[in-house]
1. Quick query: amide H of Tyr144 versus all other amide H atoms, modeled in the peptide plane; which residues come in under 5 Å with a sequence gap of 5 or more or a different chain?
2. R0 = 25 Å: FRET efficiency of Ser61 with Asn6, Cβ-based, nearest 0.05?
3. How far is the Cα center of the range 100-130 from the Cα center of the range 1-49, in Å?
4. With every protein chain kept in place and ligands, DNA and RNA left out, what is the accessible area per residue of the chain? Probe 1.4 Å, answer in Å².
5. For every helix of n ≥ 4 consecutive DSSP H residues, a contribution of -39,500 (n - 2.57) applies; sum these over the chain, divide by its total residues, and give [θ] at 222 nm rounded to the nearest 500 deg cm²/dmol.
6. Given a 1.4 Å probe and every protein chain left where it sits, what share in percent of the accessible area of the range 12-72 is carbon and sulfur?
7. Once both axes come from the Cα atoms, what is the angle between helix 62-75 and the longest principal axis of the chain, in degrees from 0 to 90, rounded to 10?
8. With a Förster radius of 22 Å, plug the Cβ-Cβ distance of Ser14 and Lys43 into 1/(1 + (r/R0)^6) and report the FRET value to the nearest 0.05.
Amino acid sequence: ALPKCNGTIYELASVCPMTEKFISKADLSDRVKAVAGDMFKDKVFPPAECYGFGNVLHDWSDEDNTALLQKAYDSLPEKSGKIAILEMLVAEDVVSTTGATAGLNLVMVTNEDGRQYKASELKSMLEKIGFVDVQVVSSPVTPYSAIIASKQ
């Protein structure tokens, strides 16, 4: 899939060897590389046209997430960069939230600093940072949604 795309997995140094094994096993070593770093301590992210945060934001506080998303915005190229977030989203009316999402939210709230977000909350966070064209694409078969936005 997408043979012209290349990717970088930005991960803690201690995790990079395991990541490289997965990349090799998937026969993607010519297109995907692991780069060691610390998303909280590094001043910028490695250069990229798009940053993806998959099941990341639910682990951290709103303040930490705002800082991470701001760092992504600042690291992206002008007018062409994108961000893609994959999370289980809490329903806007809360009561329609899937059981899987509600259960994960309970784990995040009681064991971590994070929580599951509503689409409107992530949209607001992204727009305050400067992202535009925020789109939410919900899976019809899983509790996951993708939130995609552009740097203006």
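The values are calculated or read from the model by the stated rules, or taken from the named source; none is laboratory data. Keep in mind the model is a prediction, meaning the values are calculated, not measured. A quick note on method: Cβ atoms are made from the backbone with ideal geometry, for glycine too, and the neighbour counts reach across all protein chains shown. To get the accessible areas, we keep the full protein, side chains included, count just its heavy atoms, and leave off ligands, DNA and RNA. Shrake-Rupley method; radii C 1.70, N 1.55, O 1.52, S 1.80 Å.
1. Sorted by chain and number, the residues that satisfy this are Ser139.
2. With a Förster radius of 25 Å, E is 0.20.
3. Answer, in whole Å: 25.
4. Values: 9190 Å² over 152 residues.
With all protein chains present, the chain gives 60 Å² per residue.
5. -10000 deg cm²/dmol
6. Carbon-and-sulfur percentage of accessible area, whole number: 59.
7. Between the helix axis and the principal axis of the chain, the angle is about 40 degrees.
8. With R0 = 22 Å, the Cβ-Cβ based efficiency is 0.60.
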